[in-house]
Every structure is written in structure tokens, then in C-alpha cells.
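Have a look at the structure below before the remarks.
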Amino acid sequence: MNTEDLTGKCAFISGATGGIGKAIALALAKIGCDLFITAPSNCELREVIALLKKHNVKVSGLSGDLSKKDDIYKIIKSAKEVFGQIDILINSAGIFPNMALFEVDDDLYSETLNVNFRSAFLFTREFAKGMVGQRWGRIVNVGSSSAYAGFGGTSMYCASKHALLGFSRATHDELKQYNVRTYCISPSSTQSKMGLATKGQDYTTFLDPNDIAKYVVFVISFDSNIMAEEIFLKRMIVR
């Protein structure tokens with residue numbers, strides 16, 4: 001394991017202004033990765049870009065609504081124009097509809113699946129082409145403990161994370177022959193904007209996004225025959 005081998009690689013991160021996405025972006029910038037980031041808010045995106053540039057790496061980005069396919073393709077086009085090749089893909093974007101089954105209408109159903117799963121599918125399909133060509137790539141799908149269990153009041157979120165887990169397993173099996181490795185990182189509740197929406201739990205026991213980012217950098221830095229395909233990050237204390 002050598003994080004220095006990641007220096008100079010180009011990483012694409014969706015959801016880069018969220019708790020986990022921002023932490024991963026900073027962790028990669030610190031070891032010398034160039035970055036293309038995306039988020040819904042242009043204002044927050046500019047703030048994170050300015051923060052990342054302090055680490056003397058090349059940083060660019062484009063805001064967009066990942067529930068809209070046209071926005072996703074604009075972001076993909078922009079990333080390829082700026083960097084040409086994406087070596088590391090971090091699918092961290094997500095929304096967390098915390099409501100009862102009968103409150104979920106058709107629009108929210110579509111929005112949740114489009115942001116939490118379809119965006120990851122499209123980014124993976126388009127950026128993995130270059131990874132296969134150069135026979136090196138890392139794809140990290142930020143899942144959730146909800147990928148392994150169902151929780152009342154979060155049916156759409158759980159469904160989208162189940163989809164992402166299955167996609168990760170299949171993608172890894174399909175692309176590993178090209179040394180393109182897919183990881184599904186599934187943390188339990190995390191200290192973030194999304195975490196604040198979680199009901200009935202003690203926020204002070206939630207995971208630190210910086211700890212999750214350390215795990216991500218650690219696992220993607222291996223280039224030998226060892227592989228941690230699925231990583232379930234649990235809390236020591238749950239209240």
C-alpha cells in the first residue's frame with residue numbers, strides 16, 4: 001500500500017459539498033490528486049474548489065442537478081474537456097427522503113433513484129471506458145448501512161442504496177480483469193447534513209466523515225492482488 005502512487009491521478013467526485021464527498025475530496029487533494037467536483041449549489045461548489053486549491057492541485061468543477069440526465073451529461077463532457085482522463089471516480093451524491101411509504105409520490109420516487117443510483121450508473125459507464133483503456137481505475141460508490149437493512153420511513157433511500165450495492169458487485173466482477181476496481185463503502189449514520197435529517201438517533205455518535213475519507217484513500221491505494229470489495233463502516237456506540 002502506497003498513497004504516493006495516487007499522486008497525480010485525477011479524481012471525479014459527485015456530491016463534493018456534502019459531508020463525505022467533501023472529506024474525500026480534501027483527503028485526495030492532500031496526497032496530490034487533481035480533482036473535478038460537482039454539486040447542486042454553485043455557491044458551495046466555488047467554496048470547496050477554493051479550499052481544495054490550497055493544496056496546490058488542479059481543481060475544476062461544474063454544478064448541476066443530478067436528477068436531470070442532461071445535467072449529468074454536461075458534467076461528464078466538462079470533466080473530459082478539462083482533464084481528458086478520470087482515474088478515480090467517487091460517486092458520493094445522494095438525497096435522503098425521510099418519510100413514510102404513503103408520503104412518497106411518483107416525483108420523489110424518480111428523483112431519489114435518479115440522484116442516488118442513475119447518476120452513479122452514468123458516471124461509471126462513461127468514465128470507466130477510459131479506465132479500461134489504460135488498465136487502471138478506481139470506482140468508489142458511497143453506499144449506506146441501509147444497503148444491508150431496511151428501515152421504516154426511508155424506503156426509497158434504502159431501495160436506492162440496495163441498487164448501488166448490487167451495481168458495485170456486478171461492476172467489479174465485470175471490470176476487474178482490466179485492473180479497474182469497484183468498491184462499495186457503506187457507512188452507518190454520518191455527521192453531515194443528511195445525518196441531521198435522521199430521526200430518533202443521537203447525532204453525537206454518528207461517524208466522522210474524515211474517518212470515512214481515510215478509509216477510502218487507504219483501500220484504493222492498494223494495487224496488489226488484495227481487494228476489499230465491500231466495506232461496512234459501523235459505529236462502536238449507537239444511541
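Figures for the structure shown
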| quantity | calculated |
| --- | --- |
| Top-ranked residue of the range 156-187 - restricted to ones that are polar (S, T, N, Q) and buried (at least 19 other Cβ atoms within 10 Å of the Cβ), ranked as nearest to M227 (Cα to Cα) | T182 |
| Which listed residue is of a type outside the set (A, V, I, L, M, F, W, C) and under 25 Å from E174 (Cβ atoms), from K80, K58, K74 | K80 |
| Single residue of A93, A29, A11, A16 found to be touching a residue at least 24 places away in the same chain (Cβ under 8 Å), part of a helix (DSSP H, G or I) and of a type in the set (G, A, S) | A29 |
| Qualifying residue in the range 179-198 (condition: in contact with an Asp or Glu (Cβ under 8 Å, 6 or more places away or on another chain), within 23 Å of S110 (Cα to Cα) and among the aliphatic types (A, V, I, L, M)) | no |
| Qualifying residues in the range 113-155 (those that are under 27 Å from D87 (Cα atoms) and hydroxyl-bearing (S, T, Y)) - the one surrounded by the fewest Cβ atoms within 10 Å (Cβ to Cβ) | S145 |
| Conditions (1) part of a loop (DSSP other than H, G, I, E, B); (2) out of contact with any Asp or Glu (no Cβ under 8 Å at 6 or more places or on another chain); number of the one not met by D223 | (2) |
| Filter result for T204 (at pLDDT below 85, more than 16 Å from the chain's Cα centre (by Cα) and part of a helix (DSSP H, G or I)) | yes |
| Filter result for the condition that a residue is more than 18 Å from A128 (Cα to Cα), crowded, with 21+ Cβ neighbours inside 10 Å and not small (G, A, S), over L62, L66, L51 | L66 |
| Per-region count, the range 205-228, residues in contact (Cβ under 8 Å) with a residue 24 or more places away in the chain, over 17 Å from S92 (Cα atoms) and of a type in the set (V, I, T) | 1 |
| Flag for I139 being at pLDDT 95 or above, of a type outside the set (D, E) and more than 24 Å from N210 (Cα to Cα) | no |
| Selection count where residues are among the charged types (D, E, K, R), assigned to a helix (DSSP H, G or I) and either within 28 Å of S192 (Cα to Cα) or in contact (Cβ under 8 Å) with a residue 12 or more places away in the chain (or both), scope the range 126-146 | 1 |
| Residue in the range 39-46 that is surrounded by fewer than 16 Cβ atoms within 10 Å (Cβ to Cβ) and of a type in the set (D, E, K, R) present | yes |
| Long-range neighbours under 8 Å by Cβ, at least six apart or interchain, first residue over 16 Å from G137 (Cα atoms) and without any contact (Cβ under 8 Å) to a residue 24 or more places away in the chain within the range 162-175, second among the polar types (S, T, N, Q) and part of a helix (DSSP H, G or I) | H162/S146 |
| Residues that are part of a loop (DSSP other than H, G, I, E, B) and either of a type in the set (A, V, I, L, M, F, W, C) or closer than 30 Å to G32 by Cβ (or both), drawn from the range 55-90 | H55, N56, V57, K58, L62, S63, G64, L66, G84, Q85, I86, D87 |
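For every residue, the table says whether it meets (1) out of contact with any strand residue (DSSP E or B) (no Cβ under 9 Å at 6 or more places or on another chain); (2) part of a helix (DSSP H, G or I); (3) more than 29 Å from V132 (Cα to Cα).
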site: K161; (1), (2), (3): no, yes, no
site: L164; (1), (2), (3): no, yes, no
site: T171; (1), (2), (3): no, yes, no
site: E174; (1), (2), (3): no, yes, no
site: Y183; (1), (2), (3): no, no, no
site: K199; (1), (2), (3): yes, no, yes
site: A213; (1), (2), (3): yes, yes, no
site: A228; (1), (2), (3): no, no, no
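The values are calculated or read from the model by the stated rules, or taken from the named source; none is laboratory data. Keep in mind that this is a model prediction, so the values were computed, not measured. Counting neighbours? That spans all protein chains shown, and the Cβs are built from the backbone with ideal geometry, glycine included.
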